[in-house]
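First up is the structure itself, then whatever we jot down about it.
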Amino acid sequence: MRILLLFLFSLPFISMAQVNRSANELARENVKEYIVTTLFKDLAYIPISYSDLKSHQQPKADIAWSMSHQFEIIDSQFVADKKVAVRKPYYFSFYLDKKLKVTAAESFYRQ
């Protein structure tokens, strides 16, 4: 009986954790799609790290969430008449609306 009561008591916390995890995964997929289709078309994309979703409290009504993301883009450059693949690291903050669609992106430099 105690086990059942403990399970029933913890059920709301478990379900809320699953909702937060699903929201983070959806936001990551939308950020990846935005990078590949809008920012860096036809270039190889390698994700490195994502931050968790953070509630964004500003007067702009279209921004509800923010997320930081570190990734690399592989670009080809010519060095001594040879095509060489070069990895460039990027750090971005993405701003998402209530439906977790990317509305804005901001690049920043981090050492």
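Quick note: the coordinates plus some simple rules give every number you see, no bench work behind them. A quick note: this is a predicted structure, and the numbers were derived from the prediction, not measured. Positions of Cβ are backbone-derived with ideal geometry, glycine not excepted, and every protein chain shown enters the neighbour counts.
Some observations on this one:
- Computed packing ranks the peptides 80-89, 44-53, 63-72, 24-33 as 63-72, 24-33, 44-53, 80-89, most packed first, by mean other Cβ atoms within 10 Å.
- Hits among aspartates and glutamates - C-alpha to C-alpha of K41 under 14 Å, sequence gap 8 or more where chains match: E33, E72, D75
- Spatially proximal lysines relative to K99 (Cα-Cα < 18 Å; intrachain offsets below 8 disregarded): K32, K54, K60
- Under the shape rule built on the C-alpha gyration tensor, where the axes satisfy a ≥ b ≥ c, the stretch 40-111 is prolate, since a/c reaches at least 1.5 and a/b is greater than b/c.
- Two-site label geometry, Q58 and T37: point separation in nm, points 7 Å out along Cα→Cβ: 2.3
- With a Förster radius of 41 Å applied to the beta-carbon distance between K83 and E106, the computed FRET efficiency rounds to 0.85.
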